[in-house]
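This report refers to the structure that appears directly beneath it.
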Amino acid sequence: MDQNRLYYQYPYIKKFTGTVTSCRESKKGTWLVRLSQTAFYPEGGGQPSDRGTLGGARVLSVHEREGEIDHEVDQPLAPGTEAEGILDWQYRMDNMQQHTGEHILSGLIHRRFGYDNVGFHMGSEEVTIDFNGLLSQEDLDQLENEANALVYADTKLRIWYPGREELAALDYRSKKELTGLVRIVEIPGGDICACCGTHVERTGEVGIIKIRGMIHYKGGVRLSILCGRRALEDYRQRLNDATEISVLLSAKLGKVPEAVRKLKEESQRQAAAISGLYRQLFALKAETYPESEEVLAVFEEGLSPVQLRQFATLLYEEGKGSVAGVFSEDENGAFQYALGSSRFDMRGLSRGMNQRLNGRGGGSSLMAQGTFRAGREEIEAAFFEEARRYPNK
Ligand SMILES: [Zn+2]
């Protein structure tokens, strides 16, 4: 084991001092610093790199290159000097909780179903794990219970480097064929896995393992999980949201889904009633126009695109005009339009008017809909002129 990797020897070290052995500028204009020893974990094994400060500079990322660890920082550090490194401990501890929690869950799934963890991503908002097999909601509930039972048991993790023979006899999970010294992380009663990441000392420190969702992914499943403090924060946020919704609905927390269902049904009933009233209103309005072969322009306030289409259809079907144009100003000062005719091609008319009126939209030969960015008088003038010009069917 590499003696200068303090994060392995002392996973709980938060502060250390190292000698700067080199410092070079990166292509990004940041600086890459190497140290005699470090407690900053470099990105690897699904675990993101540590954050913090080094000699007063901000540590932006940490990567391993050719067996050496580069600390990307925002200021240069002089080679030969001592630099104090301070880890963003909450961030690291959060990552250790997620990582150990992931091992517990992956180990249980592997034992029970034989599935492998084939993808692992640890983001600060969410942790995802991909498995090459399917699970049911019932499986998830059971797995979650078992995983948390291992947390309550507060078992001590065992991390070691077995010799070649011991390793050959060991049944452990591994993403790839490993050569050289292999680091094994064992959670007694839960999991044995080859891993280069940092872990909590005892399973109790994981706090809680919560599966937040599952989707089908590449023939298997992708689980979204959160552990420890991040799970608590997520729970707090969700409870706040649910409480806010329950106040808005004047419903008890447990009754929120039922209240939303009722609200939705009520809103659908109202929409149907309003639509019926509009149909009656359009029929009454249509009666006030005589049957005519002329083009007909109607301006109405506050109509939705669906209502514009209903009204225009009614007008041309009842023979109130060879072409019926219905226009309604929206809240942005633009006019929504519907152009309908059973005799002429509305696509041509809409194209011509769009050009003149800074408009957009289109449709079928019977009906075109869209928006004009122009005033009422301009629309009227353009409508009557263009309506005489568009091509007949
Ligand atoms: Zn791991």
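Over the chain, dividing the summed -39,500 (n - 2.57) contributions of all DSSP H runs of at least 4 residues by the number of residues returns a 222 nm mean residue ellipticity of -12000 deg cm²/dmol.
Once you reduce region 1-80 and region 182-227 to the center of their Cα atoms, the two points are 26 Å from each other. Can you give me the relative contact order of the chain as a percent, contacts being Cα pairs under 8 Å and 6 or more apart? Value for the chain: 9 percent. Against the main long axis of the alpha-carbon atoms of the chain, helix 256-287 sits at an angle near 20°. For the chain, the longest principal axis of the Cα atoms and the long axis of helix 137-152 meet at an angle of about 30 degrees.
Helix 305-317 against the longest principal axis of the chain: what's the angle in degrees, Cα atoms only, rounded to the nearest 10? Relative to the chain, helix 305-317 is tipped by roughly 30 degrees. For region 91-129 versus region 344-393, the inter-centroid distance based on Cα atoms is 59 Å.
Of the residues Leu60, His121, Ile187, the one whose Cα sits farthest toward the positive end of the charge dipole of the chain, with +1 on the Cβ of Lys and Arg and -1 on the Cβ of Asp and Glu, is His121.
Only four residue types carry charge here, +1 at the Cβ of Lys and Arg and -1 at the Cβ of Asp and Glu. Report the dipole size of the chain about the Cα centre in Debye, rounded to the nearest 20. Don't jump to the answer; show the numbers that get you there.
On the way: 49 positive and 57 negative charges, 46 e Å.
Charge dipole of the chain: 220 debye, to the nearest 20.
If the chain linking Glu166 and Glu301 were pulled fully straight, counting 0.36 nm for each residue of separation and taking away their Cα-Cα distance, it would gain 40.4 nm. Across q = 0.11, 0.12 Å⁻¹, the chain modelled as identical point scatterers on its alpha-carbon atoms has Debye log10 I(q)/I(0) values of -0.83, -0.90, in the order of the q list.
To the nearest 20 debye, what is the magnitude of the charge dipole of region 107-231 about its Cα centre, counting +1 on the Cβ of each Lys and Arg and -1 on the Cβ of each Asp and Glu?
That gives a dipole near 280 debye.
Taking the Cβ of each residue in Leu150, Leu263 as the centre, tally the other Cβ atoms inside 10 Å and list the residues starting with the fewest.
Values: Leu150 24, Leu263 13.
The order, fewest Cβ neighbours first, is Leu263, Leu150.
Considering only Cα-Cα distances, which of the following residue pairs are longer than 30 Å: Lys15/Lys156; Lys210/Lys252; Lys14/Lys156; Lys218/Lys255; Lys210/Lys255; Lys156/Lys210? Distance filter (> 30 Å) returns Lys218/Lys255.
Loop exposure criterion: GluC sites (Glu not before Pro), DSSP state outside H, G, I, E and B, at most 16 other Cβ atoms within 10 Å. Applied to the chain, the longest stretch between such sites is 202-290. A straight chain from Asn4 to Ile86 at 0.36 nm per residue would run longer than the Cα-Cα distance by 27.9 nm. The gain in end-to-end length when the Asn240 to Ile215 segment is fully stretched comes to 6.5 nm, 0.36 nm per residue minus the alpha carbon separation.
Of Leu32, Leu253, Leu281, the residue with the greatest mean-square motion in the GNM of the chain, using alpha carbon springs below 10 Å, is Leu281. Does a label point 7 Å from the Cα of Val118, set along Cα-to-beta-carbon, have any residues of region 220-245 with amide nitrogen under 17 Å, and which are they? So the set is 220-224. On the beta carbon distance between Arg111 and Val256, with R0 = 41 Å, the FRET formula returns roughly 0.65.
Simple spin-label estimate for Ala273 and Ala149 gives 5.4 nm between the two label positions (7 Å along the Cα-to-Cβ direction from each Cα). Label separation (Arg229 vs Lys27): 3.5 nm, computed from points 7 Å beyond Cα along the C-beta direction. Within the listed set Ser174, Ser364, Ser106, the Gaussian network model of the chain (springs between alpha-carbon atoms below 10 Å) gives the highest mean-square fluctuation for Ser364. Modelled label positions at Glu125 and Glu331, each set 7 Å beyond Cα in the direction of Cβ, lie 2.6 nm from each other. The relative contact order of region 262-393, computed from alpha carbon pairs under 8 Å that lie at least 6 residues apart in sequence, is 20 percent.
In region 103-176, what trypsin sites (Lys or Arg not before Pro) fall in a loop by DSSP, with at most 12 other Cβ atoms inside 10 Å?
The qualifying sites are Lys176.
The residue list Leu135, Gly80, Cys196 was ranked by how far each Cα lies along the charge dipole of the chain toward its positive end, using unit charges on Cβ atoms, and Leu135 comes out on top.
Any read-out appearing in this document is the output of simple, stated calculations on the displayed coordinates, not a laboratory observation. The structure displayed is predicted, hence computed values, not measured ones. Cβ: placed from backbone, ideal geometry, glycine included. Neighbour counts: every protein chain shown.
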